[in-house]
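Below is one structure; the comments refer to it alone.
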Amino acid sequence: MQKRRCDHCHLEFDEKVLVSDNNFKDGTKYFCCKGCQGVYHLLKSEGLDDFYEKLGNTELDPAKEDLGDVQKFDLDGFNEKYIKSKDGFNEIYLIIEGIHCPACIWLNEKVLHQKDGIVEATINQANNKAKIAWDSDTIKLSEIILAIRSIGYNAYPYDPSMQEIQANATRREYYAKLLVGVFTTMNIMWIAVAEYAGYFTGMKSDVKNILNFAEFVLATPTLFYTGSVYFKGAYYGIKNRYVNMDVLVATGATLAYIYSLYAMFSQKGEVYFDSVTMIITFVFAGKYLEVLSKKKAVDRLDSFSGSLPTEVLVIKNDEKILLGIQEIKVNDIIEVRAGEKIVIDGVISWGEGSFDTASLTGESAPLFLKNGDKILSGFVCLDAVIRYRAISDANSSVLSKITSLLEDSMNKKPKIEKLANIVSGYFSTAILLFAIGTFVFWFFGGSGFEKSLIVAISVIVIACPCALGLATPVSTLVGLGLGAKKGILFKESSFLETMAKCDVLMLDKTGTITTGKPKIVDKLYLKEFDKSLLYSLVKNSNHPISKAIASQFELSDIYELQDIKTIEAKGIMAKCGKDILVGGNKSLLEENNTTCDEYFKDYSTFYFTINGEVVGVFALEDTIREDAKEGIESIKKLGIKVSMLTGDNGKVAQKIAKQVGIKDFYASLLPKDKADIVEKERKKGKKVVMVGDGINDALALSKSEIAITLGSGTDIALGVSDVVLMNDTFDSLYFAFKISKRTYQIIKENLILSFVYNAITIPLAMAGFVIPLFAALSMSLSSLLVIGNSMRINFATKDK
């Protein structure tokens, strides 16, 4: 009976059972079911039939039928558990079932992007994890799931706890396979010793046959059980016309196994079952350690959201009620006892105690907090019972935002990793060609089939695209994990590479070098005036200087002002009845045609005028951060040029710059001026890191390669920064540079190690100097060398 493939899923069936369809211009199409027929019509009508060209001969699962469970995706309970709200849109992580190749990802993303209301749809090929953001007023999640199912795939929500269970199951499976490999290898080595001894001293053929059969018994489970992971990887690699490391290992071990079977049954030549076992076991041991190291690095990143309570104790009407964290609303009163972790951000309303902040800031010393202090999710209460008022819900808490940030960071690959992956793909193909060429050379050179095959197997096994492929991702994971441990969060892993290449650091003065909390050191009243006018004016400004002046007065009378205008980097203006009030620096006064003498030249000066007449002058001084001078000096030792930008006057700027050891500074700058200076440095070929408070220097931050705000996890810091410093210190800034530079350096070292290893070992193998046993051992060692070198990143913060 004639066989035919379904025109959608490419699975092969008897032609009689297929559904034929003549409604196409390019001839009759055949489908295995109505689902595949429907998907084919859908893709044709939507202009997405390019999918089949990208798919090639890859087989798909038949199209999924409507399972009748899509309504659950719109239920409130499901939404509370899996869906987050961000920037007015809903966001969810899904695992897409049925993805086999890049063509599948292309099709899913294409179909989802064509749906009205979907603003983002990205799929990670490594784990089939999709991030989808949509407008719930335009499209429902159930409709998105149906769209995925309509093209032959299925989707279910990503659950970290289930992923942990799956990761542990994988680790146990790998461990069992490794035990089998180690057991058989240890036993086969004893037999191999006897065989090699017999080879030199003589051995009866029947004894040799028994030993060969014993090696066969031990090698078979090693190849097909321990080595199954390589056959599976090789199958998908060949299926998608991609030569990977699994293809090389599976090919080398299988060829040695098949030849050994021939030698055993024909009793001609030597068997290489010991090489088969050792190839698989040594390479698998390297893979197992790779899995453990990746898991350890990912676990460190997951520690932010690990062991979070799902319920909290809420005080309502003087009663204590256990509520799920998704039910908590702003202004709810939550009680926390010693040993419990904070899940919702808030402000302490009763009690005081010490808190472990290490998971956010990296600081080991406990932080003492009292009534009125802000408390962040991720803190752990150490020694007291406190109550606090919630200022966020679970999805908008700092910990939730950081968790999302870390999930996103792992999906953005550095440029150097993308390049390594491309090279690795071509490398594996080249090795197969080298092996074939080596076999041909040795065989026609008169060395015989056995010798030629063994040399070719050594070439295949010794080559290590694995080390090349591990060079960047393992280092990146370790760097991200170390940063997270120190309270330094890189929003994208690519920012590690970008920051490592930066050679200029520009620091905003107020709130960065200084604490951003100026104090009045002197004042001068030139004329009697109503202090409530000044108080009413500065209360309408959030600038640190305005807050400092407002703190000097305890007035109950606040006037209602009109036409309030805030002038960036200059001051504030308003009207109170017929009076025109102006408060700010000398530049603002001059713009409003008010002349004045210059007072307090060595300080930041605030002038207050009523109807164009100066009535009060205030001298203010900001406190320099305690670790600013030492931190800036440490950063300069890394070869980074440090400059200071400020809107303050030249005298004050010079004084601050001298105190912290900065030679290059720019004063009297408007926000646009700061951005222009950053842009000017970049035009010189410099790469700039800009550090500010994220408020009045947002434009300058946006112009730099890397933007950093010192905000201790505030919304501004999380929103504006490319690198978030949870611990508001210059030490954190120094460590951010150190970690990124060390990570990038290790990546380059790993790539050099991989290239040098292959440049030396492949020619040796082609020349016949390396047997398969040592080829497997050296291949594993090269991978372990890369992993071990990557772990050196953990010492980046220990030599300050």
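If you check every pair at least six apart or on different chains, which have Cβ atoms under 7 Å apart with a residue in region 742-753 that is over 16 Å from Gly639 (Cβ atoms) first and a residue that is in a helix (DSSP H, G or I) and open to solvent by 50 Å² or more (accessible area, probe 1.4 Å) second?
Ile746/Arg792; Leu753/Leu785
Which one of these does Lys586 not meet: (1) loosely packed, with under 14 Cβ neighbours inside 10 Å; (2) at negative phi; (3) under 49 Å from the mean Cα position of the chain (by Cα)?
Of everything listed in (1) loosely packed, with under 14 Cβ neighbours inside 10 Å; (2) at negative phi; (3) under 49 Å from the mean Cα position of the chain (by Cα), Lys586 misses just condition (1).
Of the residues that make up region 102-121, is at least one at pLDDT below 80 and not in a helix (DSSP H, G or I)?
no
Residues being more than 32 Å from the chain's Cα centre (by Cα) and either modelled with pLDDT of 80 or more or hydroxyl-bearing (Ser, Thr, Tyr) (or both): count how many of those fall in region 352-383.
Counting residues in region 352-383 that are more than 32 Å from the chain's Cα centre (by Cα) and either modelled with pLDDT of 80 or more or hydroxyl-bearing (Ser, Thr, Tyr) (or both) gives 5.
Counting residues that are within 22 Å of Gly511 (Cα to Cα), which strands (runs of 3 or more DSSP E) fully inside region 569-653 reach at least 3?
604-610, 613-621, 641-645
Consider Asn540 carefully, then state whether it is on the phi > 0 side of the Ramachandran plot and not β-branched (Val, Ile, Thr).
Criteria not met by Asn540.
Given (1) open to solvent by 50 Å² or more (accessible area, probe 1.4 Å); (2) closer than 23 Å to Leu699 by Cα, identify the lone condition not met by Met644.
Answer for Met644: the failing condition is (1).
Report those helices (runs of 4 or more DSSP H) wholly inside region 448-566 carrying at least 3 residues which are touching a helix residue (DSSP H, G or I) at 6+ places or on another chain (Cβ under 9 Å) and open to solvent by 20 Å² or more (accessible area, probe 1.4 Å).
Ranges flagged: 449-462, 473-485, 494-501, 544-550.
Name the pairs whose Cβ atoms lie under 7 Å apart, with the first residue in region 326-338 and farther than 12 Å from Ser397 by Cβ, the second open to solvent by 90 Å² or more (accessible area, probe 1.4 Å) and modelled with pLDDT under 85, and 6 or more positions between them or separate chains?
Listed by first residue and then by second, the contacts come to Glu335/Lys320; Ala338/Asp383.
Look at Leu710 and say whether it is over 17 Å from the mean Cα position of the chain (by Cα), of a type in the set (A, V, I, L, M), modelled with pLDDT of 90 or more and buried (at least 23 other Cβ atoms within 10 Å of the Cβ).
So Leu710 fails the test.
Among the listed residues Ile321, Ile328, which satisfies the condition of being crowded, with 19+ Cβ neighbours inside 10 Å, modelled with pLDDT of 65 or more and over 25 Å from Leu477 (Cα atoms)?
Unique residue meeting the criteria: Ile328.
The values are calculated or read from the model by the stated rules, or taken from the named source; none is laboratory data. This one's a predicted model, so the numbers in the text were calculated from it and none came from an experiment. Virtual Cβ from ideal backbone geometry, glycine too; neighbours counted across all protein chains shown. SASA here: full protein model, heavy atoms, side chains in, ligands and nucleic acids out. Shrake-Rupley method; radii C 1.70, N 1.55, O 1.52, S 1.80 Å.
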